Amino acid sequence: MISSERVFGNVTIGDVLFVTITLLLSVIVAKMLTIRVRRSLKDKIERENLEILNKVIYYGVILFAFSLTLPRLGINPSSLLLAGGILGIIIGFASKSVVGNFISGMFLILERPMRIGDSISIDDVSGIVEDVRILSTVVRSYDGSCVRIPNEKVFNSVLTNYTSVARRFDYRIGISYSDDAEKARKVILEVLEDHPFVLGDPAPQIFVDSLGDSSVEISIRIWAPSQVWFDVKRELLWKIKKALDENGIEIPFPQLDVKLKD
Amino acid sequence: MYGCYDIPLNLTEAGIEIKVERDQTGKTTYGRSGILGEVSKTIVSRENPKVVICPVEPVNLPKRITRYLMIELDKEVLLGPKDEGTIDTGFPVEIGVFIAKKDKYSLIDVFSFTKQKFSLYGGVRDGIICRYWRSGPNLNKDKLVEGRLRLQVKNDTSDWIEIRKVVLDASEMKIVYSEDEVYSEAEMKILSRKVGEVRFRKPANGGTESIKLLKEMVVTAHQSKFIMEDGFK
């Protein structure tokens, strides 16, 4: 039998054929797996990150198959494991943060707490997500600067995602005790109803929230489409102030009545 | 007001004045003034273009932030199990002014005599913003203000269904106009108590077809129907 002929040491032609076929099969499996991963994650992961992930999967499968075939070539994997283990410890210490960021990045890509274009806040950084990479996340802050945050920090921090179809903002306006709060409520409601981007549903809420030291505090809660909410917020406060002025409703200064005893 | 006009054009109606003039150098100026504010534009064209004024999909003002239209019916409609019927309701009219050369149109102005209001359909996270319109008990007869929407409703369920709101994708809206009215048609199929398919269809009524403004928003894999998944009330 040709297959039992020894090539070197105890390795026969059959062993070499087995290793070759296994490696070929692993290449085919790795190819199929990467195609499948590419198809299923195409819309979910950035192209660059997807390529890195595919390479990791591709070479990981081949390496795994190769390690299984090592005994057929007369190589004891445990000796490799020992050497690899020592090397792994050295590399592990050296690349602790890289690995941490990489794994966090993988979880962020899978969990998807944010998408590119979302408005977010992580610790003291607020802005628009520009990119979610394997090792870091890039945020364009509202003042235009670009902030790179390591994925490990993103993963371990409290992340607030403001992106939604509609967004609420609140005002708190104090009116004089001598003014009619119900009339003020109607005046404010008219201003809100006149504004196209103050959503009809969820309807705005206007109510007396508290009786302050110098004024009756009115709370106003407004929902607006996310695309325009800041413009609406900017425009409305002054319109409300003007409407209250026009209707003779005073927004008082803080005041303190001092009574002197004779 | 609706129609196709030659330049020069001087049109005064409903408190607004539209003026389109062409000077000897071939420069055309468009101007609108009156109760809805003033707009002025310069158009450069070698040939003498035409001006088309027609109703357009009512999702452009004050700024295009959505393509969905929500119509709240004045009275709730109760539809019997496996039943079907027709509801006549209204939709807000927005008027587009186009400059036209052969079969190429370009929008130069859009205005409306209606009050614009928006509303949320569904949840804050995954709902949609819609141009909101509440149709009164009687349709506004002014064709510059409100158009007539004939809605064919079909209940595929074995329950009584109450309908108060209809959400439509305006990029599929087909509007026709005539001397008497602005008109559009849609159909709604109720699939369950909270889910329904709504789509515009080609109006059976005769009339001049409006120019479609939202054509460019229609993408290859675009769904022609809108699925209402958050109920009809």
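The values are calculated or read from the model by the stated rules, or taken from the named source; none is laboratory data. The structure displayed is predicted, hence computed values, not measured ones. Note that we place each Cβ from the backbone using ideal geometry, even for glycine, and neighbour counts take in every protein chain shown. Keep in mind that these areas ignore ligands, DNA and RNA; they rest on the heavy atoms of the full protein, side chains included. Shrake-Rupley method; radii C 1.70, N 1.55, O 1.52, S 1.80 Å.
Would you confirm, using the coordinates I've provided, whether A:Gly88 is surrounded by 13 or more Cβ atoms within 10 Å (Cβ to Cβ), at pLDDT below 80 and of a type in the set (Gly, Ala, Ser)?
When the stated conditions are applied, A:Gly88 does not pass them.
Quick check on A:Ile28: is it under 22 Å from the mean Cα position of the chain (by Cα) and β-branched (Val, Ile, Thr)?
It is false that A:Ile28 is under 22 Å from the mean Cα position of the chain (by Cα) and β-branched (Val, Ile, Thr).
This table checks each residue for (1) more than 38 Å from the chain's Cα centre (by Cα); (2) at pLDDT below 95.
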site	(1), (2)
A:Val147	no, yes
A:Asn156	no, yes
A:Thr160	no, yes
A:Val165	no, yes
A:Tyr171	no, no
A:Ala184	yes, no
A:Leu192	no, no
A:Phe207	no, no
A:Asp213	yes, yes
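Looking only at region A:117-169, count how many residues are outside any loop (DSSP other than H, G, I, E, B) and within 14 Å of chain B (Cβ to nearest Cβ).
Selection size over region A:117-169: 7.
With the condition kept exactly as written, say whether any residue in region B:162-169 is within 12 Å of another protein chain (Cβ to nearest Cβ), more than 30 Å from B:Glu17 (Cβ to Cβ), over 19 Å from the mean Cα position of the chain (by Cα) and open to solvent by 10 Å² or more (accessible area, probe 1.4 Å).
For region B:162-169, residues within 12 Å of another protein chain (Cβ to nearest Cβ), more than 30 Å from B:Glu17 (Cβ to Cβ), over 19 Å from the mean Cα position of the chain (by Cα) and open to solvent by 10 Å² or more (accessible area, probe 1.4 Å): present.
Working only within region A:242-262, note down all residues that are in contact (Cβ under 8 Å) with a residue 60 or more places away in the chain and in a helix (DSSP H, G or I).
A:Leu244
Restricting attention to region B:1-35, and to residues there that are part of a loop (DSSP other than H, G, I, E, B) and surrounded by 15 or more Cβ atoms within 10 Å (Cβ to Cβ), which single residue is modelled with the highest pLDDT?
The residue in question is B:Tyr2.
Which strands (runs of 3 or more DSSP E) does region B:56-161 wholly contain that include 3 or more residues that are more than 14 Å from every other protein chain (Cβ to nearest Cβ)?
The strands (runs of 3 or more DSSP E) meeting that bar are B:68-79, B:84-92, B:94-101, B:104-111, B:146-155.
Within region B:171-192, is there a residue that is within 14 Å of chain A (Cβ to nearest Cβ), within 20 Å of the chain's Cα centre (by Cα) and of a type in the set (Phe, Trp, Tyr)?
No, region B:171-192 has no match at all.
Of the numbered conditions (1) within 14 Å of chain B (Cβ to nearest Cβ); (2) of a type outside the set (S, T, N, Q); (3) in contact with a helix residue (DSSP H, G or I) (Cβ under 6 Å, 6 or more places away or on another chain), A:Leu199 satisfies every one except a single condition; which is it?
In the conditions (1) within 14 Å of chain B (Cβ to nearest Cβ); (2) of a type outside the set (S, T, N, Q); (3) in contact with a helix residue (DSSP H, G or I) (Cβ under 6 Å, 6 or more places away or on another chain), A:Leu199 misses (3) alone.
Among the residues of region A:214-239 satisfying the criterion of being of a type in the set (Val, Ile, Thr) and in contact with a strand residue (DSSP E or B) (Cβ under 7 Å, 6 or more places away or on another chain), which is farthest from A:Gly174 (Cα to Cα)?
Only one residue fits best here, namely A:Val232.
Can you say whether B:Lys63 is farther than 20 Å from B:Glu185 by Cα, at pLDDT 90 or above, of a type outside the set (Gly, Ala, Ser) and open to solvent by 20 Å² or more (accessible area, probe 1.4 Å), as far as the supplied structure shows?
Yes, satisfied.
Do you know which residues across region A:152-178 are touching a Ser or Thr at 6+ places or on another chain (Cβ under 9 Å) and more than 30 Å from A:Met106 (Cα to Cα)?
A:Asp170, A:Tyr171, A:Arg172, A:Ile173, A:Gly174, A:Ile175, A:Ser176, A:Tyr177
Would it be correct to say that A:Ser141 is of a type in the set (Gly, Ala, Ser), more than 30 Å from A:Ser40 (Cα to Cα) and open to solvent by 60 Å² or more (accessible area, probe 1.4 Å)?
Judged against the criteria, A:Ser141 is not a match.
Which of the residues belonging to region B:89-125 are among the small types (Gly, Ala, Ser) and touching a Leu at 6+ places or on another chain (Cβ under 6 Å)?
B:Gly90, B:Gly96, B:Ser112, B:Ser119 - these are the residues of region B:89-125 that are among the small types (Gly, Ala, Ser) and touching a Leu at 6+ places or on another chain (Cβ under 6 Å).
Identify the residue in region B:28-46 that is in contact with a Gly (Cβ under 9 Å, 6 or more places away or on another chain) and in contact (Cβ under 8 Å) with a residue 24 or more places away in the chain and, among all such residues, is farthest from B:Ile108 (Cα to Cα).
In this case the residue turns out to be B:Leu36.
Output yes when any residue across region A:60-81 is at pLDDT 80 or above, surrounded by 12 or more Cβ atoms within 10 Å (Cβ to Cβ) and within 25 Å of A:Glu152 (Cα to Cα), and no when none is.
Within region A:60-81 (the criterion being at pLDDT 80 or above, surrounded by 12 or more Cβ atoms within 10 Å (Cβ to Cβ) and within 25 Å of A:Glu152 (Cα to Cα)), the answer is yes, since at least one residue qualifies.
Evaluate region B:173-188: report whether one residue or more is outside any strand (DSSP E or B), surrounded by fewer than 16 Cβ atoms within 10 Å (Cβ to Cβ) and not charged (D, E, K, R).
Scanning region B:173-188, I find at least one residue that is outside any strand (DSSP E or B), surrounded by fewer than 16 Cβ atoms within 10 Å (Cβ to Cβ) and not charged (D, E, K, R), so the answer is yes.
Within region A:177-227, can you find the residues that are in a helix (DSSP H, G or I) and open to solvent by 60 Å² or more (accessible area, probe 1.4 Å)?
Residues satisfying the conditions are A:Glu182, A:Lys183, A:Arg185, A:Lys186, A:Glu190, A:Glu193, A:Asp194, A:Gln227.
Take A:Gly174 and tell me if it is assigned to a loop (DSSP other than H, G, I, E, B) and either open to solvent by less than 50 Å² (accessible area, probe 1.4 Å) or among the small types (Gly, Ala, Ser) (or both).
It is false that A:Gly174 is assigned to a loop (DSSP other than H, G, I, E, B) and either open to solvent by less than 50 Å² (accessible area, probe 1.4 Å) or among the small types (Gly, Ala, Ser) (or both).
Examine region B:71-85 for a residue that is open to solvent by less than 10 Å² (accessible area, probe 1.4 Å), within 18 Å of B:Tyr5 (Cα to Cα) and touching a Phe, Trp or Tyr at 6+ places or on another chain (Cβ under 9 Å), and state whether such a residue exists.
no
Just wondering, is there one or more residues in region A:103-115 that are more than 22 Å from A:Phe155 (Cβ to Cβ) and either open to solvent by less than 50 Å² (accessible area, probe 1.4 Å) or of a type in the set (Val, Ile, Thr) (or both)?
No; the residues of region A:103-115 include none that is more than 22 Å from A:Phe155 (Cβ to Cβ) and either open to solvent by less than 50 Å² (accessible area, probe 1.4 Å) or of a type in the set (Val, Ile, Thr) (or both).
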